[in-house]
Amino acid sequence: MLLLEQILNGLQYSALLFLLASGLTLIFGIMGVINLAHGAFYMVGAFCAAYTAMATGSFWLGGLAALIGSACYGALIETSIMRRLYSRDHLDQVLATLAVVFFSNELLTLIFGRSPPAMPTPEWYSSFVQVLPGLMYPVSRLLFIAAGLLVAVGMWLLINHTRLGMLIRAGADDHEMVGALGVNIARLYTLVFVFGCALCGLAGFMAAPLLSVEIGMGEKILITTFVVIVVGGVGSVRGALVGALLIGMVDSLGRAYIPPLLDQLLPSETSGTLSAGLISASAYIVMALVLLVRPRGLLPARA
Amino acid sequence: MKNLVLRACLATSLCAATAAQAVEPVRIGFITTLSTPAGYLGEDSRDGFQLAIDQEDGKLGGVPVQLIVEDDGLQPAKAKQIADRMSLDGISLYTGVIFSNVLAAVINTATKDGFYVSNNTAPSTLAGEKCMANYFVGSYQNDTPHEMAGVAANELGYKKMVILAPNYQGGRDALAGFKRTFKGEVTEIYTKLNQLDFSVELARVRSLAPDAIFQFHPGGGGINFAKQYGGSGLSAQIPMVVPVFSMDERMLAAVGDVAKGTNIVTLWNPQSDNPANQAFVKAFSEKYKRAPTVYAAQTYDTARLIGAALKTSQGNLKDQAAFRAAMKNVKFDSIRGDFSFAQNQHPVIDWYLLQVQAGADGKLVEVPIRTLATRHVDSYAAQCAI
């Protein structure tokens, strides 16, 4: 029963990682931009959700505000800054997007101040559902898993069964050829970027009641998000899904079972430090192992 | 041309003003953390210190002072550069640092030709055998809140506890401090530094079914933990004991209603009827339009402590022995009641247990439950030979 609960916890963490990683991997795969500012849009989403929900008292309006806020901020950044970076080398992109991180942090500090807000939630949100006999699980976390699942299915439909998806796939393979065929590539780029930002907004909205809504919250999760897309294969949404599941599960189950296991095997002084070290490194160990066997990730976009 | 005349006028009047000001103000170097998510700690500290200066119209203890605030960005190397520059500028009185790793980088520069008076962190490494003549602490010794949490758990009758902290020096010290005084049985769980999701650890807590938990996660991590502890339904079943740094007033506001029932161990009781405290809370709330945190309170107290010593020494920091004596025998109306220094120049103060409860208007309030220790001397004082 505890194992099942820990698996659900792992799924929930995977869902958060997937919402962020799918947008990031699309942006990297199609535009070739290393976007360190991806976490900033997640932060903007969380702040929009929390402050709108506080002002209106409506949980769902908070969600809407997060999607719109992140998408608008994304559109602004894409048209003013990102657009100039597509043809530049990776160092320029890293520097510019890092500047966007600092700028966004200071902007939100100026607007909202330094006190983290509390996101109000409706009654049903903090209730529990009986998943199995003897296992009660919070609605809030089930909702998170559902959102991740929904986005995964939605992305699959979008990419494999729509015209836009076809362009996205084509763009990821050879964007020069797509442009030569008369597709408005600048518009496609803006669209993909804004779409990725809206997914960040969704992640921010889902995370706002569970996590601290604070300046710099995006940077904390960005590194793990990059690990996810490297493990999954850069540019591939399927890869992002697999990567998110793998990293989310390894992290959660590792935290749950490594310490009790080592406690039984080793004397307590050594087991404590060893398990803490293993837990901190687990995601990176997985990444190293995957790259050793498949240097381009599990499901790379381009064969 | 008109402009030029105007400027000349301004310049001369400025000169006149400086000439009239006979005493050169004592400059105080305030190195603190204003950026990063922990920026609010520095913001509250700075505002607390500034309030004490403003209340005396730019003076502390009747001596004109100038506060020079710099942001260390939570980077020890940057803090060291700032301290070196301030030292070259001739500043010889420092305070403001929030984090112990930053303090370690600053302390030698600050105490070489001057004084450091801590408004916040005071690691055990500087409290025992390696205590320093020019280093005073106005706040508290780092281990004490965790030791007091152990005392609180004993007094609340808990026998079996799960204790959690991030796996870094501060976290390990916290759990060690708790175990020093707690008499029951403990299970330790180390979390990752900067961990976001605690559902896994919470599931373990549920399966271990302790009488209560103790956790130390300062800043954003603490908000995450407390939100999820409430969200998992555990807060209604298993009480939580925390040092105030895991649930300061701003964190409480961010966590909201699920923080109800949290037991907070603190060195400052915001509701204390001590007149100096009442005046501080009122003045701070009026000036900054928010309730003061413990960081603001202990920094305000440190500012007034410095003020009292400046008054005795008439603002003269050149005579180090005289200023040291003025600090050691300092008398001032602390917002925490009686205040004096132990052998190691760390404060001897009272410790309290507060509990978060719903007030009459439904808003959360911190209700004083009991005094955990009166005139408490920290665990390292006896090892110091100044």
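The values are calculated or read from the model by the stated rules, or taken from the named source; none is laboratory data. Note that the structure is predicted; figures quoted are calculated from it, not measured. Cβ placement follows ideal geometry from the backbone for every residue including glycine, while neighbour counts extend to all protein chains displayed. Heavy atoms of the whole protein, side chains included, go into the accessibility calculation; ligands, DNA and RNA do not. Shrake-Rupley method; radii C 1.70, N 1.55, O 1.52, S 1.80 Å.
Under a point spin-label approximation (7 Å from Cα along Cα-to-Cβ), what is the A:Glu106-A:His90 distance to one decimal in nm?
Simple spin-label model gives 2.8 nm for this pair.
Which of the trypsin sites (Lys or Arg not before Pro) found in the range B:174-269 are loop residues per DSSP with 14 or fewer other Cβ atoms within 10 Å of their Cβ?
For trypsin sites (Lys or Arg not before Pro) across the range B:174-269 that sit outside H, G, I, E and B with at most 14 neighbouring Cβ atoms in 10 Å, the list reads B:Lys183.
With +1 on each Lys and Arg Cβ and -1 on each Asp and Glu Cβ, and nothing else charged, work out how big the dipole of chain A is about its Cα centre, in Debye to the nearest 20.
It comes to approximately 580 debye.
Just the Cα atoms of chain A: what Rg and Dmax do they give in Å?
19.9, 68
Going by the alpha-carbon gyration tensor, a ≥ b ≥ c the square roots of its eigenvalues, is the range A:53-190 rounded (a/c under 1.5) or, if a/c is not under 1.5, prolate (a/b greater than b/c) versus oblate?
Note, shape of the range A:53-190 comes out oblate.
Which of rounded, prolate or oblate describes the range B:301-386 when judged by the alpha-carbon gyration tensor and an a/c cut-off of 1.5?
oblate
Where only protein heavy atoms count, and the probe is 1.4 Å, what is the accessible area per residue for the protein assembly as shown in Å²?
I get 41 Å² per residue for this part.
I'd like the interface area for chains A and B: accessible area of each alone minus the complex, both sides summed, 1.4 Å probe, protein heavy atoms only. What is it in Å² to the nearest 100?
2900
If the elastic network links every pair of Cα atoms under 10 Å, which of B:Gly233, B:Gly219, B:Gly177 fluctuates the most in the Gaussian network model of chain B?
B:Gly233
Tell me, which residues of the range A:242-271 get at least 40 Å² less accessible area when the other protein chains come in, versus the chain alone (1.4 Å probe)?
A:Arg255
Largest first and in whole Å, what are the equivalent-ellipsoid semi-axes of chain B based on the Cα gyration tensor, each being the root of 5 times an eigenvalue?
Each semi-axis is the square root of five times an eigenvalue, giving 39, 23, 20 Å.
List the aspartates and glutamates whose Cα lies under 15 Å from the Cα of B:Lys331, skipping any in the same chain that are fewer than 8 positions away.
Partners within reach: B:Asp301.
So, with +1 on the Cβ of K and R and -1 on the Cβ of D and E, and no other charges, what is the size of the charge dipole of the range A:117-205 about its Cα centre, to the nearest 20 debye?
I would put it at about 120 debye.
Compute log10 of I(q)/I(0) for the range B:240-362 with the Debye formula, placing one identical point scatterer on every Cα and leaving out solvent, at q = 0.13, 0.14, 0.21 Å⁻¹, to two decimals.
Result of the Debye calculation: -0.62, -0.70, -1.23.
For a 21 Å ceiling on Cα separation, which of these pairs sit above it: A:Lys220/B:Lys289; B:Lys130/B:Lys328; A:Lys220/B:Lys179; B:Lys130/B:Lys192; B:Lys112/B:Lys318; B:Lys227/B:Lys363?
Violating the 21 Å limit, Cα to Cα: A:Lys220/B:Lys289; A:Lys220/B:Lys179; B:Lys130/B:Lys192.
For the range A:209-222, what does the Karplus curve 6.51 cos²θ - 1.76 cosθ + 1.60, with θ = phi - 60°, yield as ³J(HN,Hα) per residue in whole Hz, taken in order and with x for Gly and Pro?
x, 8, 10, 5, 8, 9, 4, x, 5, x, 5, 4, 9, 4
How many nm separate the modelled label positions at A:Val293 and B:Arg290, each set 7 Å beyond the Cα in the direction of the Cβ?
4.9
Angle, helix A:90-112 long axis vs. longest principal axis of chain A, Cα atoms, 0 to 90°, nearest 10?
On a 0 to 90 degree scale, this one is about 70.
Once you sort the root eigenvalues of the Cα gyration tensor of the range A:200-303 as a ≥ b ≥ c, which label holds: rounded (a/c under 1.5), prolate (a/b larger than b/c) or oblate (the other case)?
oblate
Shielding by partners for A:215-225, please: the mean number of other protein chain Cβ atoms within 10 Å of each residue's Cβ.
Mean partner shielding for this stretch: 3.
Using a Gaussian network model of chain A with C-alpha springs under 10 Å, which one of A:Ala207, A:Ala46, A:Ala256 is most mobile by mean-square fluctuation?
A:Ala256
To the nearest Å, what is the center-to-center distance of the range A:72-124 and the range B:206-280, using C-alpha atoms only?
Each part reduced to its Cα centre gives a spacing of 31 Å.
Round to a whole number: what % of the accessible area of the range A:172-267 belongs to carbon and sulfur, probe 1.4 Å?
Answer for the range A:172-267: carbon and sulfur cover 69 percent of the accessible area.
Take chain B, connect every pair of alpha-carbon atoms lying under 10 Å apart with a spring to form a Gaussian network, then pick out the residue of B:Pro368, B:Pro145, B:Pro292 with the largest mean-square fluctuation.
B:Pro368
With the solvent-accessible surface defined on protein heavy atoms using a 1.4 Å probe, which residues belonging to the range A:134-177 display a reduction of at least 10 Å² in accessible area in the multichain context relative to the isolated chain?
Relative to the lone chain, where solvent access is computed with a 1.4 Å probe, the range A:134-177 loses at least 10 Å² at A:Pro138, A:Arg141.
For A:Glu106, what accessible area in Å² do you get when you roll a 1.4 Å probe over the heavy atoms of the protein chains, rounding to the nearest 10?
We get 100 Å² for A:Glu106.
Order the following by accessible area, largest value first: B:Leu193, B:Leu88, A:Leu202. Probe radius 1.4 Å; ligands, DNA and RNA are ignored.
My answer, sorted largest first, is B:Leu88, B:Leu193, A:Leu202.
Considering only DSSP beta bridges where both residues belong to the protein assembly as shown, give the percentage that are antiparallel (nearest 5).
Percentage antiparallel, nearest 5: 40.
Need one value: the accessible area of A:Tyr189 in square angstrom, 1.4 angstrom probe, rounded to the nearest 10.
20
When the solvent-accessible surface of protein heavy atoms is calculated with a 1.4 angstrom probe, in what order do B:Cys131, A:Cys197 fall, highest first?
Ranked from most to least accessible, the order is B:Cys131, A:Cys197.
In nm, to one decimal, how far is the B:Lys260 label point from the B:Leu88 one, both placed 7 Å along Cα→Cβ?
Here the answer is 5.8 nm between the modelled labels.
Which residues in the range A:229-253 place their backbone N less than 17 Å from a point set 7 Å from the Cα of A:Leu135 along the Cα-to-Cβ direction?
So the set is A:249-250, A:252-253.
Quick one: with all protein chains in place, what share of the accessible area of the range B:279-386 is carbon or sulfur, to the nearest percent (1.4 Å probe)?
50
To the nearest whole number, what is the average tally of beta carbon atoms from other chains within 10 Å of the beta carbons of peptide A:108-120?
Across A:108-120, the average partner-chain Cβ count within 10 Å equals 5.
Give me the Debye-computed log₁₀ of I(q)/I(0) at q = 0.05, 0.08, 0.09 Å⁻¹ for the protein assembly as shown, equal point scatterers on Cα only, no solvent, two decimals.
-0.27, -0.68, -0.84
For peptide A:4-12, what's the mean number of Cβ atoms from other chains within 10 Å of each residue's Cβ?
Per-residue shielding by partner chains comes out at 3.
In degrees, nearest 10, range 0 to 90: what is the angle between the Cα axis of helix B:100-112 and the longest Cα principal axis of chain B?
30
Could you pull the accessible area for A:Glu269 with a 1.4 Å probe, rounded to 10 Å²?
140
Expressed as an acute angle from 0 to 90° and rounded to the nearest 10, what is the orientation of the C-alpha long axis of helix A:163-173 relative to the principal long axis of chain A?
Its long axis makes an angle of about 90 degrees.
How many percent of the accessible area of the range B:141-249 is carbon or sulfur, using a 1.4 Å probe?
It is 51 percent, rounded to a whole number.
Buried by at least 40 Å² relative to the chain on its own: which residues of the range B:187-221 qualify, computing accessible area with a 1.4 Å probe on protein heavy atoms?
B:Lys192, B:Leu196, B:Asp197, B:Ser199, B:Val200, B:Ala203, B:Arg204
How big is the C-alpha Rg of the range B:60-174 next to the rule-of-thumb value 2.2 N^0.38 Å, as a ratio?
Expressed relative to 2.2 N^0.38 Å, the Cα Rg reads 1.28.
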